[in-house]
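S.K.: My questions all concern the structure below.
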Amino acid sequence: MAVTAHPRKHSALSCTAHPKGLHLDANIRGGNYPRRSYFRLLPLPAKWRTPGHGAWNSRRVSSPFVTPVIQARGLRKTYGDFEAVRGIDFDVAPGESFGLLGPNGAGKSTTMRMIGGVSHRSGGELTILGMDPSHEGPRIRAHLGVVPQQDNLDTDLSVIDNLITYGRYFGLPRWFLKQKAELLLEFAELTDKRKSKVDDLSGGMKRRLTIARSLVSDPRILLLDEPTTGLDPQARHVLWDRLFRLKEQGITLVLTTHHMDEAEQLCDRLVVVDHGKIVAEGTPSTLVREHAGREVVELRFGSHRNAALASSLDGVGERIEVLPDRLLVYATDGEAALAAVVARGLEPTSSLVRRCSLEDVFLRLTGRSLVD
Ligand SMILES: Nc1ncnc2c1ncn2[C@@H]1O[C@H](COP(=O)(O)OP(=O)(O)OP(=O)(O)O)[C@@H](O)[C@H]1O
């Protein structure tokens, strides 16, 4: 459902369905004022909300009530003869937190660059907010916040001037940006660093400043390429908290990550990408259930014995995986599987029963060999 009105030549008011209510978007230009975007989420009683609220998943995207904010069909990117992205399909719903998970070189950043409009697709279809990035790049970029893999802050400027200067690229007036920058510094917990030089910030602070900068233009979609890579656990948790708050405000998050815990914490839905193709899609819990199972028993018999002993475990659990240092037995009931191993007279030097995780899914789908 989408209602759009054009009260003035360059102004637009749109209203789209959001799982928590109505998503109102006013894009105003006219008189002596530069273009301004306002975005509000108008909560509605549960009975009027979009079907699927509370369970973000791919079914919701296909609901006739939700128009995807990003839609890719057969999306391809080639560099010479090399196909980095090989015909992928996905939808991202408004307000969703969508993750691209994959090993090095899988094609995640290439996909992000195509969404961000800085790299042209070689084939397939891609629409962002109903627009084609090949023809409407600037209009799309006005609604996008981008947090690149490498911080590209201006080291000659102070923290607050990084925000103000960036906002000027969007044509926003200085008086407005001064107020906006203070709010963003508060959001990023950087108020006391407002006059500091960028080089004096820690890695986590730089990341938070980059995110604050991406919010200057009130984006509807935030693209985050490996937002927490290289940060310590404390810094990562602060960042997750901030990203979660943005999601609560209704901003659509699209992120790439190598970190399974990050994907589990932040993403409503994920696609696992490998060698330029999507190999699995679903919520974190669905992926674990469908591709790993309930529990796994890690058994260590000594690295030279693991492979030889695997055949002695036939019939224990649902699946056995031999690793150089461990045997993994996937089972519905891990304790029962471990008891069955011991009952066969096998005595592991160590054993661990744990719940299956997204990491098990990731390694199963994308392999365990090192990708450089
Ligand atoms: N400009 C380019 N020219 C040629 N090949 C490229 C270019 N950019 C990316 N590639 C190749 O495309 C493939 C996908 O790269 P991409 O950066 O999208 O992977 P990624 O999944 O983001 O990996 P990482 O997690 O390491 O960032 C890689 O093999 C990479 O070497």
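FYI, it's all coordinate maths here, none of it is from the lab. As the structure is a computational prediction, the values presented were derived from the model and not from experiment. Glycine gets a Cβ as well: all are built from the backbone with ideal geometry, and neighbour counts include every protein chain shown.
S.K.: How much length would be gained if the chain were fully extended between residue 120 and residue 303, taking 0.36 nm per residue of separation minus their Cα-Cα distance, in nm to one decimal?
M.R.: This chain segment gains 61.1 nm when fully extended.
S.K.: Still on this model: Provide the gained length on full extension for the span residue 352 to residue 191, in nm with one decimal, where the gain is 0.36 nm per separating residue minus the Cα-Cα distance.
M.R.: In short, 53.4 nm is gained.
S.K.: What ³J(HN,Hα) values, in whole Hz, does the Karplus curve 6.51 cos²θ - 1.76 cosθ + 1.60 give for region 96-103 when θ = phi - 60°, with x put for Gly and Pro?
M.R.: With the stated coefficients, region 96-103 comes to 7, 10, 10, x, 10, 10, x, x Hz.
S.K.: Within the set of other residues whose C-beta is less than 15 Å from the C-beta of residue 317, count the net charge using Lys and Arg as +1 and Asp and Glu as -1.
M.R.: Counting the neighbours of residue 317, the net charge comes to -1.
S.K.: Within a 10 angstrom radius of the beta carbon, how do 297, 147, 353 rank from fewest other beta carbons to most?
M.R.: Ordered from fewest to most neighbouring Cβ atoms within 10 Å, 297, 147, 353 come out as 353, 147, 297.
S.K.: By the scheme Lys and Arg +1, Asp and Glu -1, what is the net charge of all other residues having a beta-carbon under 12 Å from that of residue 169?
M.R.: Value of the local net charge: +2.
S.K.: A further question on this structure: State, to one decimal in nm, how far the label point of residue 314 lies from the label point of residue 136, with both points 7 Å from Cα in the Cβ direction.
M.R.: 6.1 nm
S.K.: Sort 194, 208 by Cβ crowding within 10 Å, fewest neighbours at the top.
M.R.: By the 10 Å Cβ count, ascending: 194, 208.
S.K.: So, counting K/R as plus one and D/E as minus one, what does the shell of residues with Cβ under 14 Å around residue 350 add up to?
M.R.: Around residue 350, the charge tally is +1.
S.K.: Please arrange 205, 112 by counting, for each residue, the other beta carbons lying within 10 Å of its beta carbon, fewest first.
M.R.: 205, 112
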